[in-house]
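A.B. asks: Quick one: this structure, given as structure tokens, is what I'll be asking you about.
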Amino acid sequence: MQKSGTDLAMSVATRVKIFIIQYIVYDKTAQNVIQYLHRILVSPSELWHLTGGKILISRFCPNLYFESLYQIDLSHLKSIGIRGIVFDIDNTVTMWGSDKVPQDTLKWLEDTKTQGFRVCLLSNNRKARVDSISCMLDIPSAKGFKPFGSAFRSALSLLGTSPKETAIIGDQIFTDILGGNRAGLYTILVQPLSTTEFFTTRLFRKLERIVLHKLACRGMLKP
């Protein structure tokens with residue numbers, strides 16, 4: 001059976017993750033993994049080749065793209081029927097590994113609740129950290145691993161909203177945006193708060209730059 005564009009796009013991110021995990025767990029595969037990642041990261045054509053030229057670049061395209069949370073117009077989200085918002089944590093609402101949330105961000109998050117949005121957190125970080133930030137912000141957290149659909153279904157269940165009524169805001173294309181698009185959410189990409197990140201995330205940033213360049217060249221990025 002022929003794979004859909006969604007499955008093909010998903011398989012790229014998953015395949016790279018599997019190789020990275022192999023690199024971490026099995027020393028004997030390290031050289032193969034390094035060579036494989038090198039091909040993908042330095043050659044945009046390799047990413048296309050993996051899917052036989054059938055990859056749907058739109059699966060990686062956010063509905064909106066901003067430098068930060070503060071540029072997002074909440075009244076616009078309301079006007080298009082958005083009732084719930086899912087937030088990534090690290091480098092979206094707080095710097096990676098930090099327990100401090102900027103005052104401007106705290107105020108912005110409070111504004112979302114004041115304006116009647118249902119909100120929740122969805123992060124791939126360890127449970128203890130997610131629970132800590134959730135408690136600090138007084139925002140519930142959903143369970144699951146992005147970009148897999150079960151994570152977004154968990155968030156929708158927690159919010160009590162449908163996909164078309166829900167936005168996801170995050171800083172990563174291969175988790176927040178790909179997963180959100182696959183789940184039918186309204187996707188908003190923001191630039192990361194910090195360059196300090198987990199080392200696998202830094203690898204994916206190189207892939208992200210390739211994808212963002214392709215999206216920009218095709219006029220698909222909307223501020």
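A.B. asks: Dipole size in debye (nearest 20) for the stretch 93-132 around its Cα centre, Lys and Arg Cβ +1, Asp and Glu Cβ -1? Spell out each step's value before the answer.
C.D. replies: Details: 7 positive and 5 negative charges, 38 e Å.
In debye, rounded to 20, the stretch 93-132 gives about 180.
A.B. asks: If each residue of separation counts as 0.36 nm, what is the full-extension length gain between Lys100 and Lys222 once their alpha-carbon separation is subtracted?
C.D. replies: The Lys100-Lys222 span can extend by a further 40.9 nm.
A.B. asks: Ignoring ligands, DNA and RNA, what percent of the 1.4 Å accessible area of the stretch 96-223 is carbon and sulfur?
C.D. replies: On the way: 3350 of 6200 Å².
Carbon with sulfur: 54 percent of the solvent-accessible area.
A.B. asks: Now a separate question. Within the set of other residues whose C-beta is less than 13 Å from the C-beta of Ala183, count the net charge using Lys and Arg as +1 and Asp and Glu as -1.
C.D. replies: Result for the local shell: +3.
A.B. asks: Please compute the volume of the convex hull spanned by the alpha-carbon atoms of the stretch 97-195 and report it per residue in Å³.
C.D. replies: Cα convex hull per residue, to the nearest whole number: 99 Å³.
A.B. asks: Ranking request for peptides 176-186, 127-137, 92-102, 161-171: highest mean number of other beta-carbon atoms within 10 Å first, then the rest in descending order.
C.D. replies: Per-residue mean Cβ counts within 10 Å order the peptides as 176-186, 161-171, 92-102, 127-137.
A.B. asks: Now for a different question. Run the numbers for His213 and Ser68: contour at 0.36 nm per residue of separation, minus the present Cα-Cα distance, in nm.
C.D. replies: Length difference between fully extended and current span is 50.3 nm.
A.B. asks: According to a simple spin-label model (label point 7 Å from Cα along Cα-to-Cβ), what is the distance in nm between Ser79 and Asp138?
C.D. replies: 3.0 nm
A.B. asks: Tell me, what is the per residue accessible area of the stretch 83-200 in Å², probe radius 1.4 Å? Mind dumping the intermediate values first?
C.D. replies: On the way: 5010 Å² over 118 residues.
Value for the stretch 83-200: 42 Å² per residue.
A.B. asks: Whole-Å semi-axes of the stretch 91-150's equivalent ellipsoid, largest first, each the root of 5 times a Cα gyration tensor eigenvalue?
C.D. replies: Values: eigenvalues 73, 46, 19 Å².
Equivalent-ellipsoid dimensions as semi-axes: 19, 15, 10 Å.
A.B. asks: Say the cut-off is 21 Å between C-alpha atoms; which of Lys146/Lys222; Lys78/Lys100; Lys143/Lys222; Lys100/Lys127; Lys78/Lys113; Lys78/Lys143 go over it?
C.D. replies: Those over the limit are Lys146/Lys222; Lys78/Lys100; Lys143/Lys222; Lys78/Lys143.
The values are calculated or read from the model by the stated rules, or taken from the named source; none is laboratory data. All values reported here derive from a predicted model rather than from experimental measurement. Note: ideal-geometry Cβ built from the backbone for every residue, glycine included; neighbour counts use all protein chains shown. Each accessible area value is taken on the protein alone, full model and side chains, heavy atoms only, with ligands, DNA and RNA left out. Shrake-Rupley method; radii C 1.70, N 1.55, O 1.52, S 1.80 Å.
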